[in-house]
Amino acid sequence: MSSTGKVAIVTGAAQGLGKAFCDILLKNGAKVGLVDFNSELGQKTLAEFEQKYGQNRVMFVKCDVSNSKQLSAYKGIQCIDLYKQTFEAIKHKLGGLDIVINNAGVGGEMEDTWERTVDINVKGTIKGTMLGMELMRKDKGGNGGVIVNVASMAGINPNPCGPVYAATKSAIIMYSQSWSKNPELAQNGVRINVLAPAFADTALVKAMGDTNTMHAPAIARVIMQRVGIMTPETVAEALYELVDDQNKTGAILKIAQTTGKEYHTY
Ligand SMILES: NC(=O)C1=CN([C@@H]2O[C@H](COP(=O)(O)OP(=O)(O)OC[C@H]3O[C@@H](n4cnc5c(N)ncnc54)[C@H](O)[C@@H]3O)[C@@H](O)[C@H]2O)C=CC1
Ligand SMILES: CCCCCC(=O)/C=C/[C@H]1C=CC(=O)[C@@H]1CCCCCCC(=O)O
């Protein structure tokens, strides 16, 4: 089925998996709002998509998903919710909201990095889910839609290289699963699914040798040899299945190079 006319938001869209998710959504006819805190890379990716798909179907907004409440220099000493404003601006400019992909995520395990990992991966995803629901629920004036939260296979299998990373991804899975069991969501036309990829060829994985990102990179290399490394495009096809199949809610789709796709059940 095509997504023609649908509006999507993808966080962490400037590169890697997020960029591939935007591409598959655009290819299938959606309009896409790219959200990322890297404004230089975000603008570069925007320009690529504008050239490929036209200027009216894509926009970029700079936003840090871990820092939604920021002091505004423009409005005096006042707290404004930039994350909320970002989602509202995309809905307004692109003419609706039907698909939210909470993808922004990082690794970082050490004393000075682990809290950022929790803030971005857990708080960023929870807040993105709340905003998506608020703007898509039929009882709040929306048309329904689908949220896909990007976890990791490391949120299902114990991860000796990144206990913090694994805990954040596990939290994303159980948060999303819990919402999917609440009939209120289905009654308001909102589906919620989880994508749990193994390794894909992106900057996050290239940074894995950095000991701030993880412990025991040698163990990760052994696991990586066993499960293989996917292209972002392969992962994007799995993502699109969760978006497109109207019967899928509460699904956890695992994907790895050597084993392919498999729906996880508890
Ligand atoms: N690459 C892999 O092997 C796998 C990645 N994942 C998950 O997929 C997601 C995307 O990862 P990759 O594309 O590999 O990473 P990446 O590092 O290539 O890209 C992540 C993007 O998110 C943005 N970002 C990071 N923190 C942000 C924040 N606070 N606010 C806004 N934007 C932010 C970055 O600027 C970057 O553009 C992450 O949630 C990651 O945990 C899951 C399984 C496997
Ligand atoms: C097969 C797990 C794939 C994990 C892919 C991923 O999300 C990679 C992220 C790395 C960033 C920080 C980390 O700690 C991650 C490495 C995870 C490797 C552990 C795999 C656990 C397993 O399946 O045995």
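Side notes on the structure shown:
- Region 198-242 - Rg (one decimal) and Dmax (whole number), Cα, Å: 11.9, 35
- Rounded to the nearest angstrom and listed largest first, the equivalent-ellipsoid semi-axes of the chain from its Cα gyration tensor are 27, 22, 19.
- Distance cut-off 21 Å, percentage of C-alpha pairs in region 78-206 lying past it: 44
- In sequence order, region 30-40 has phi-based couplings of 6, 9, 10, x, 8, 10, 6, 8, 8, 6, 5 Hz under the Karplus curve 6.51 cos²θ - 1.76 cosθ + 1.60, θ = phi - 60°, and Gly or Pro positions carry x.
- Base-10 log of normalised Debye intensity for region 125-172 (one unit scatterer per alpha-carbon) at q = 0.21, 0.29, 0.32 Å⁻¹: -0.69, -0.96, -1.07
- Over region 122-266, equivalent-ellipsoid semi-axes from the Cα gyration tensor in Å: 30, 16, 12
- Radius ratio Rg over Rh of region 1-145, counting only Cα atoms, Kirkwood formula for Rh: 0.98
- Solvent-accessible heavy-atom area per residue, rounded to whole Å², over the chain at 1.4 Å: 47
- Residue-count net charge about Lys91 - beta-carbon cut-off 14 Å; Lys, Arg +1, Asp, Glu -1: +3
- For region 81-90, the Karplus equation 6.51 cos²θ - 1.76 cosθ + 1.60, evaluated at θ = phi - 60°, returns couplings of 9, 5, 5, 5, 4, 4, 5, 5, 5, 5 Hz by residue, with Gly and Pro reported as x.
- Comparing Ile229, Ile173, Ile126 in a Gaussian network model of the chain (Cα springs below 10 Å), the most mobile by mean-square fluctuation is Ile229.
- Taking each DSSP H run with n ≥ 4 as -39500 (n - 2.57) and averaging over every residue of the chain yields -12500 deg cm²/dmol at 222 nm.
- Extension reserve of the Gln51-Tyr263 stretch, reckoned as 0.36 nm per residue once the Cα distance is removed: 72.7 nm
The values are calculated or read from the model by the stated rules, or taken from the named source; none is laboratory data. Since the model is a prediction, treat every value here as computed from it, not as a measurement. All Cβ positions, glycine included, derive from the backbone under ideal geometry; neighbour counts span all protein chains shown. To get the accessible areas, we keep the full protein, side chains included, count just its heavy atoms, and leave off ligands, DNA and RNA. Shrake-Rupley method; radii C 1.70, N 1.55, O 1.52, S 1.80 Å.
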